[in-house]
Amino acid sequence: MIARLALEYRNWQIHRRITQSGLTGRHVEFEGLKIYLYSKEFGRPPLFFLHGFLDSCRTFRRLFLPLQDHFDLYAFDIPGFGRSRMPAVRELWRLDSMARITGRFMMHLLRDRKARMGDSGKAQMLTHSMGGLVALHAFFDLEDYGVQ
């Protein structure tokens, strides 16, 4: 019990440091899922962060401040990790399914961004561990649909 409270307190401190650096954190409803997203926009080229297995987007917290002068930042928890809920259908928690959801979610964010701000450069990704594999699969999945 004490260990769980200590972990919750640590997570709260990390969240507070991230939001104090200027990023906003919120849940975004997407295709029946609640995906947790930190973001900061100024009209610079977009940079997405994809975390590794059994991790969360908070793993990139030390990079947010140095990179926010050069990019608009989008860091989200892949469904089933961090503050994003596990899909109701467990089949959706396979690598290929995670990649499809992740790719569609990033495209959703980019379309919303374009509608609000206009086009401001090609999106880039910074990944770690499983995040790189998810990004690669998402790229190939989106490429099949004509997205470059």
Would you check which residues across region 21-58 are of a type in the set (S, T, N, Q) and modelled with pLDDT of 95 or more and list them?
Thr24, Ser39, Ser56
When region 119-144 is examined, which residues are found to be open to solvent by less than 90 Å² (accessible area, probe 1.4 Å) and farther than 29 Å from Leu54 by Cα?
Ser120, Gly121
Per-region count, region 17-57, residues buried (at least 17 other Cβ atoms within 10 Å of the Cβ) and within 15 Å of Thr127 (Cβ to Cβ):
10
Hey, any hits in region 52-63 for a residue that's under 22 Å from Asp141 (Cα atoms) and aliphatic (A, V, I, L, M)?
no
Can you name every residue in region 67-118 that is open to solvent by 60 Å² or more (accessible area, probe 1.4 Å) and assigned to a loop (DSSP other than H, G, I, E, B)?
Asp69, His70, Arg83, Arg85, Met86, Ala88, Val89, Arg94
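The values are calculated or read from the model by the stated rules, or taken from the named source; none is laboratory data. Please read these numbers as outputs of a predicted model, since none were measured by experiment. Virtual Cβ from ideal backbone geometry, glycine too; neighbours counted across all protein chains shown. With ligands, DNA and RNA removed, areas are computed over all heavy atoms of the protein, side chains included. Shrake-Rupley method; radii C 1.70, N 1.55, O 1.52, S 1.80 Å.
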